[in-house]
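K.L.:
Following this message is one structure expressed as structure tokens.
The values are calculated or read from the model by the stated rules, or taken from the named source; none is laboratory data. Keep in mind that this is a model prediction, so the values were computed, not measured. For neighbour counting, all protein chains shown are included, and Cβ atoms are generated from backbone atoms with ideal geometry for every residue, glycine included. Accessible surface is based on the protein model in full, side chains and every heavy atom, while ligands, DNA and RNA are left aside. Shrake-Rupley method; radii C 1.70, N 1.55, O 1.52, S 1.80 Å.
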Amino acid sequence: MQDAILLGIGKIGIEAIPFLEREYRILFLADNDKMRWGTVFQNYTIECPDKIKDCTCKVIITSTRYGAEMAEQLENMGIARDRIYFCHKCITGNVLNFEVCPSEEPLIQYDLFHAEECTTDRRKVLIFC
């Protein structure tokens, strides 16, 4: 079982914990909300993200809304990109699961409205509305 730290304890993070516990030994939870620091959630202490610098394991970002910003925050703290992962909720059939994906490879975002490409840290997704 691999060690991991979860960053972002919002709705997705809360849902993901039981699934991630199957594959990872979660050392602690980290969140940018100072009011949560030092509290305990599901037997895990919620710490300041700065504590991540003291560890060498994977950091799994569980926020979909602020994931890119959190990845940038980790990189600015000196966390190597190969340690940063994103957790995504996925439903196959009627079965809920969570997928952990590396953030290493640069991906392309295509803006249909402005018809220009730019490099981002996110997967390329086409949404039809």
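K.L.:
Do any residues in the range 65-77 that are closer than 20 Å to residue 54 by Cβ have Cβ atoms under 8 Å from those of residues that are surrounded by fewer than 16 Cβ atoms within 10 Å (Cβ to Cβ) and among the acidic types (Asp, Glu), where the two are at least six apart or on different chains, and which pairs are they?
P.N.:
Pairs found: 77/50.
K.L.:
Is there any pair linking a residue in the range 5-31 that is within 15 Å of residue 46 (Cβ to Cβ) and free of Cβ contacts under 8 Å to residues at least 24 places away in the same chain to one that is part of a helix (DSSP H, G or I) and open to solvent by 10 Å² or more (accessible area, probe 1.4 Å), with Cβ under 8 Å and at least six apart or on different chains, and which?
P.N.:
Matching pairs, first to second residue: 28/51.
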